[in-house]
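Notes follow once the structure below has been shown.
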Amino acid sequence: MAILAGKILRRAAIFFLPLTAAICVCAQDITPPGARNGQAGAAASFPATAATSLSEVHLQVDAGRQTGPVPYAWRAGVFLCSMPGGYPKDMFLADQQPGMVEFGWEYYETLSAAKTEEEFFSRLPQSSFTEWVREVAKAGGEPYMNLMPVPIWLRSGKNGNRKLPRDWQGWERYVERMVDYFNNQLRIDARYIVWDEPNVSEAFRGTMEDYLLLYKHTAAGLLRANPKARIGGPAVSEFYAKLQAVKDNRPSPLLPAFVRYCANTPLSGQADRLPLDFLVWHTFDAAPVSPGRYDLEVKAARAILKENGYPENTELNIGSWSALDQFPELGTNVRDSEFLGAFVVASVIAMERSGVNRHVFFSLFEDWICAPGEFTNAEAGLITRNYIALQRDFSSRKFIQPSDGSLQDALTAKELRHGCQTDSAVAADVEHVL
């Protein structure tokens with residue numbers, strides 16, 4: 001039995017233990033599972049009065065008490081834009097048990113610069129992209145491929161990477177070859193997400209009808225390669241996000257329209273309706289509480305799926321999440337902060353309780369928004385561009401699960417009020433969608 005003491009901060013405090021578990025100080029007992037590979041973890045507890053009346057906390061860790069395997073939600077689900085080989089990859093896989101890992105090749109020059117179909121697929125086997133996918137699958141993770149952008153040889157005009165492909169047969173063949181390579185030749189159970197945030201004009205230059213047609217042709221190519229391969233969408237930037245619809249001449253919520261379209265659109269000679277193996281959307285800046293925004297979105301998603309004849313147990317997938325904008329006074333973009341460490345852990349608790357099946361944190365490496373300096377407040381990764389792990393945030397994913405959810409109390413009342421104000425607006429929009 002070990003006793004650890006630490007000063008209580010006004011924000012959540014993170015303690016790092018040799019068991020590679022991060023424990024966030026809160027006002028109730030907590031029971032963390034093991035850090036990786038499904039190992040059982042030690043139990044930890046401290047007095048319920050500590051956070052409210054004392055300046056010190058005495059934390060007891062019972063290393064002999066087993067609490068069972070790590071729930072899937074606590075695996076490291078992350079989004080990758082860049083895919084560096086060697087040490088960065090080895091460090092991640094050595095430290096973490098991967099869960100859902102989402103891959104995109106758009107910013108990986110080896111593939112993005114390929115000018116022809118043959119050049120692309122000749123480069124694919126020896127690429128870091130494929131190396132990462134194979135290693136993640138070998139470690140028990142689940143690779144999800146982001147089918148975006150349109151490759152060079154299928155583009156038309158300016159911003160052709162963001163528009164519909166100029167040749168549908170060529171696009172279907174591209175998808176078919178991707179699925180054949182990973183799912184058939186490598187025998188990896190890769191899943192495929194059609195585009196990323198198509199409601200954002202910088203990501204997709206098209207209408208709602210355009211996106212739905214893109215999904216249909218993508219599904220056709222996928223099923224031709226492997227009828228058991230899994231596909232999903234629409235990966236909107238938020239659950240209620242809208243996209244311009246030609247027939248209504250106004251923006252409309254894409255996600256429910258997408259599900260209805262899939263349910264009512266057959267693929268000649270392949271399927272009575274479009275496959276929808278998982279429903280994907282993004283959720284940023286949600287207050288990490290349950291009940292809360294995640295519960296509202298899961299309830300809405302289940303209702304939409306049921307209404308359109310899809311199984312209620314269809315996978316629900318948060319394709320990107322983080323704290324980006326809603327708590328600026330706390331510096332939430334700074335990845336080595338106590339707040340964000342607590343936010344990460346509390347958010348996973350909230351997602352698991354709400355019924356979210358898969359999720360990815362945006363993102364693993366600081367390669368999305370770049371600014372001078374090693375540690376800045378303008379980047380979104382858990383690991384810096386120079387491959388230094390931001391320990392408070394990164395290690396908080398090594399993983400604990402309070403038995404009673406009290407970890408949510410680690411956020412101050414001010415922080416939660418700010419987040420819930422945001423969520424009330426989200427709730428109204430979700431109800432409007434339904």
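Would you pick out the residues in region 60-92 that are in a helix (DSSP H, G or I) and either more than 21 Å from the chain's Cα centre (by Cα) or closer than 13 Å to Phe365 by Cβ (or both)? Tyr87, Pro88, Lys89, Met91, Phe92, listed by residue number. For region 92-111, does any single residue satisfy the condition of being more than 24 Å from Trp321 (Cα to Cα) and either among the hydrophobic types (A, V, I, L, M, F, W, C) or at pLDDT 90 or above (or both)? Within region 92-111, one or more residues are more than 24 Å from Trp321 (Cα to Cα) and either among the hydrophobic types (A, V, I, L, M, F, W, C) or at pLDDT 90 or above (or both). Selection over region 234-273 of residues that are open to solvent by 70 Å² or more (accessible area, probe 1.4 Å), in a helix (DSSP H, G or I) and not basic (Lys, Arg) gives a count of 1. Residue pairs whose Cβ atoms lie under 6 Å apart, separated by 6 or more positions or on different chains, with the first residue in region 167-189 and farther than 17 Å from Val101 by Cα and the second of a type in the set (Ser, Thr, Tyr) and crowded, with 21+ Cβ neighbours inside 10 Å, are Val175/Thr218. Restricting Pro143, Pro151, Pro98 to residues that are in contact with a Ser or Thr (Cβ under 9 Å, 6 or more places away or on another chain) and surrounded by 14 or more Cβ atoms within 10 Å (Cβ to Cβ) narrows the list to Pro151.
Among the criteria (1) more than 21 Å from the chain's Cα centre (by Cα); (2) open to solvent by 20 Å² or more (accessible area, probe 1.4 Å); (3) among the small types (Gly, Ala, Ser), the one Ala219 does not fulfil is (2).
Quick check on my filter: what residues within region 67-81 are open to solvent by 20 Å² or more (accessible area, probe 1.4 Å) and at pLDDT 80 or above? So that I can check it myself, show each step before the final result.
So in region 67-81, the residues open to solvent by 20 Å² or more (accessible area, probe 1.4 Å) come out as 67-72, 75.
Those that are open to solvent by 20 Å² or more (accessible area, probe 1.4 Å) and at pLDDT 80 or above: Pro71, Tyr72, Arg75.
Based on what the data block shows, is Phe129 over 20 Å from Arg191 (Cβ atoms) and either in a strand (DSSP E or B) or in contact with a helix residue (DSSP H, G or I) (Cβ under 9 Å, 6 or more places away or on another chain) (or both)?
Numbers: over 20 Å from Arg191 (Cβ atoms): no; either in a strand (DSSP E or B) or in contact with a helix residue (DSSP H, G or I) (Cβ under 9 Å, 6 or more places away or on another chain) (or both): yes.
Answer is no for this residue.
Looking across region 101-123, the residues that are surrounded by 15 or more Cβ atoms within 10 Å (Cβ to Cβ) and assigned to a helix (DSSP H, G or I) come down to Thr110, Leu111, Ser112, Glu117, Glu119, Phe120, Phe121, Arg123. Among the residues of region 179-202, those that are assigned to a loop (DSSP other than H, G, I, E, B) and either farther than 28 Å from Ser122 by Cβ or open to solvent by 10 Å² or more (accessible area, probe 1.4 Å) (or both) comprise Leu186, Arg187, Ile188, Asp189, Asp196, Glu197, Pro198, Asn199, Val200, Ser201, Glu202.
The values are calculated or read from the model by the stated rules, or taken from the named source; none is laboratory data. Note that the coordinates shown come from a computational prediction; the quantities given were computed from them, not determined experimentally. Heads up, the Cβs are rebuilt from the backbone with ideal geometry, glycines too, and the neighbour counts pull from every protein chain shown. Heads up: the accessible areas ignore ligands, DNA and RNA and are worked out on the full protein's heavy atoms, side chains in. Shrake-Rupley method; radii C 1.70, N 1.55, O 1.52, S 1.80 Å.
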